[in-house]
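K.L.:
Below: one structure in structure tokens.
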């Protein structure tokens, strides 16, 4: 099945999206998607052309995605927190023909395309803005005059590419991950089954729509089960529990950082009508301590932790695999339906249970490849297995336990040190609200361990180091801890370990001397 058929096969008056009090039915959302498809035809876009999106969270964005899918075009969502030069890189590499944006991000869009020799044409969604716009800007009014009937596009197959998502660039220049209808459908179905989504399911979505979490984990998996999405422009701790109660929300997806914030405001949920089926979490490690506190407050076994990567569409494991199922503390769960996961050594040999190595995946969700980068694709997909770059182990039942990121492992004097292990220990200290661990170059040891801590109250470097010494081998103990206001993260909550060095620049020479 092709993804865009989700809407046309389920045309009815049932709410698909609730946004700031307004309700958009499945039939109305499909009408908008058809209008987008006709608009793209009017712009003379051909199957396979790339259309970039520099947008926020609103229903028209969801409709534009499905309009692109209907027209056989490749949607290229761009992180709206990037700089103009970073946006320019994506637009140029993707060879985008059109850029869809809104007044909020128009200044960034104009600044980005000003650097391009072949700038894309702009489709501006939203109210009129007082700005010097290129003469050929397409407005929202051009969308609404299009037909609402389906547009016939020949040549669409399950292998037709529909998404081009650039990785967060934690290890250099971003790479464009190319995904097909079949990839997205397989992941959406597996998630919908894993979450056991039914037509009475109501999912709250505040994750950004430029990321596959919001698009696939929240929207598409819910649409497959004919549920309803309560869409928010962004996360609001002040409004969160009110929205959950008012709309009888049964699930939401959030990184661990958000779970910690919600726990701090749990008093606001005491008298609210809240009955969550599950909370999906991922993007960053979930500590046992945080999971325990959250479930003690909001429901036993309510958390479903997942693991995955853009190269395999969105999600490859869930713990527990089904909402309300059996979980193993410390695990990110078992493989979703149709996916195979294995552990291999540096020579690519499969390892037995409980052995640590690189996690590899074989799955219908596996990307078509990196866009315009055959060499990187060959290095990543070997003999039909996608090499994730994540280190982990599996038990006899197929539960996956992450050890760390292969490229983030700190090597101190020949000893491998996992940042995740140290972070887990440091999070047990009552004064630690959030923590990120990384490595700094050292003349003697090669690398030394450092940590950045967001304090929950008063915390001293000496006290935290002493806590680490009580729980970790000497070579794993941070030589320096910085108390910071906020950890460097990307828009999806992942820690940018390469940015930790900024907090230790003044002391780097001292540690190396």
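K.L.:
Report, in cubic angstrom per residue, the convex hull volume of the C-alpha atoms of the chain.
P.N.:
Numbers: hull volume 81.9 nm³, N = 513.
Per residue, the Cα convex hull of the chain comes to 160 Å³.
K.L.:
Normalised radius of gyration for region 350-432, please: alpha carbon Rg relative to 2.2 N^0.38 Å, two decimal places. Could you put the intermediate results ahead of the total?
P.N.:
Numbers: Rg = 15.8 Å, N = 83, 2.2 N^0.38 = 11.8 Å.
Working it through for region 350-432, the quotient is 1.34.
K.L.:
So, one more: Using the basic label-point model (7 angstrom from Cα toward the beta carbon), what is the residue 443 to residue 485 distance in nanometres?
P.N.:
Inter-label distance under the simple model: 3.5 nm.
K.L.:
Identify the residues of region 197-220 with backbone N under 13 Å of a label point that sits 7 angstrom from the Cα of residue 236 along the Cα-to-Cβ direction, or state none.
P.N.:
The answer is 206.
K.L.:
Hey, what angle do you get for helix 59-70 against the long axis of the chain, alpha-carbon based, 0 to 90 degrees rounded to 10?
P.N.:
Approximately 70 degrees, to the nearest ten.
K.L.:
Please say if region 11-89 is rounded, prolate or oblate, where rounded means a/c under 1.5 for a ≥ b ≥ c the square roots of the C-alpha gyration tensor eigenvalues, and otherwise the choice is prolate for a/b larger than b/c and oblate otherwise? Spell out each step's value before the answer.
P.N.:
Working: a/c = 3.21, a/b = 1.33, b/c = 2.42.
Taking the square roots of the gyration eigenvalues as a ≥ b ≥ c, region 11-89 is oblate.
K.L.:
What is the Cα centroid distance between region 151-228 and region 88-123, reported in whole angstrom?
P.N.:
Between the Cα centres of region 151-228 and region 88-123 lies a distance of 23 Å.
K.L.:
Starting with the fewest neighbours, write out 373, 390 ranked by other beta-carbon atoms found within 10 Å of each beta-carbon.
P.N.:
Ranking 373, 390 by Cβ neighbours within 10 Å, fewest first, gives 373, 390.
K.L.:
Now a separate question. If neighbour count is taken as other Cβ atoms inside 10 Å, put 180, 221, 460, 25 in order from fewest to most.
P.N.:
So the ranking, lowest neighbour count to highest, is 460, 25, 180, 221.
K.L.:
If you don't mind, another one. Please arrange 205, 427 by counting, for each residue, the other beta carbons lying within 10 Å of its beta carbon, fewest first.
P.N.:
Arranged by neighbour count, lowest to highest, 205, 427 become 427, 205.
K.L.:
Could I ask something else about it? With the crude spin-label approximation of a point 7 Å out along Cα→Cβ, what separation in nm comes out for residue 265 versus residue 20?
P.N.:
If labels sit at residue 265 and residue 20, their model points lie 1.9 nm apart.
K.L.:
I would also like to ask the following. Taking every DSSP beta bridge that has both residues in region 409-512, what percent is antiparallel when rounded to the nearest 5?
P.N.:
Working: 14 of 19 bridges.
Looking only at bridges with both residues in region 409-512, the antiparallel portion is about 75 percent.
K.L.:
Another question, then. If you line up the long axis of helix 288-298 against the longest principal axis of the chain, both from Cα atoms, how many degrees apart are they, to the nearest 10?
P.N.:
With rounding to tens, the tilt is 50 degrees.
K.L.:
Give the span of region 27-71's Cα atoms along each principal axis, as three whole-Å numbers ordered largest to smallest.
P.N.:
The principal-axis extents, from largest down, are 25, 24, 14 Å.
K.L.:
Between residue 273 and residue 473, what length comes free when the chain is fully extended (0.36 nm per residue of separation minus the Cα-Cα distance, one decimal in nm)?
P.N.:
Full extension from residue 273 to residue 473 adds 67.3 nm.
K.L.:
By how many nm would the segment from residue 12 to residue 292 grow when fully extended, if each residue of separation counts as 0.36 nm and the alpha-carbon distance is taken off?
P.N.:
Computed gain between residue 12 and residue 292 is 96.7 nm.
K.L.:
Here is a follow-up. Based on alpha-carbon positions alone, could you give the equivalent ellipsoid semi-axes of region 219-338 from the gyration tensor, as √(5λ), descending, whole Å?
P.N.:
23, 18, 13
K.L.:
222 nm [θ] for the chain, helices only, -39500 (n - 2.57) per DSSP H run of 4+, per residue, to 500?
P.N.:
Counting only the DSSP helices, I get -7500 deg cm²/dmol.
K.L.:
Counting only Cα, what are the radius of gyration and maximum Cα-Cα distance Dmax of region 183-405, in Å?
P.N.:
Calculated on Cα positions, Rg and Dmax stand at 17.7, 57 Å.
K.L.:
Quick check: the angle from helix 461-471's long axis to the longest principal axis of the chain, C-alpha only, nearest 10 degrees?
P.N.:
With rounding to tens, the tilt is 80 degrees.
K.L.:
Just how many % of Cα pairs in region 95-210 lie over 17 Å apart, if you round to the nearest whole percent?
P.N.:
Counting pairs separated by more than 17 Å, the tail of P(r) holds 74 percent.
K.L.:
For region 409-512, what value does the Rg/Rh ratio take when both radii are computed over Cα atoms and Rh is the Kirkwood radius, given to two decimals? The partial results should precede the final answer.
P.N.:
Working: Rg = 12.8 Å, Rh = 13.7 Å.
My calculation puts Rg/Rh at 0.93.
Values quoted throughout were computed directly from the atomic coordinates according to the rules given, and no laboratory measurement underlies them. In this text the structure is predicted, and so the values were computed from the model without any measurement. Glycine gets a Cβ as well: all are built from the backbone with ideal geometry, and neighbour counts include every protein chain shown.
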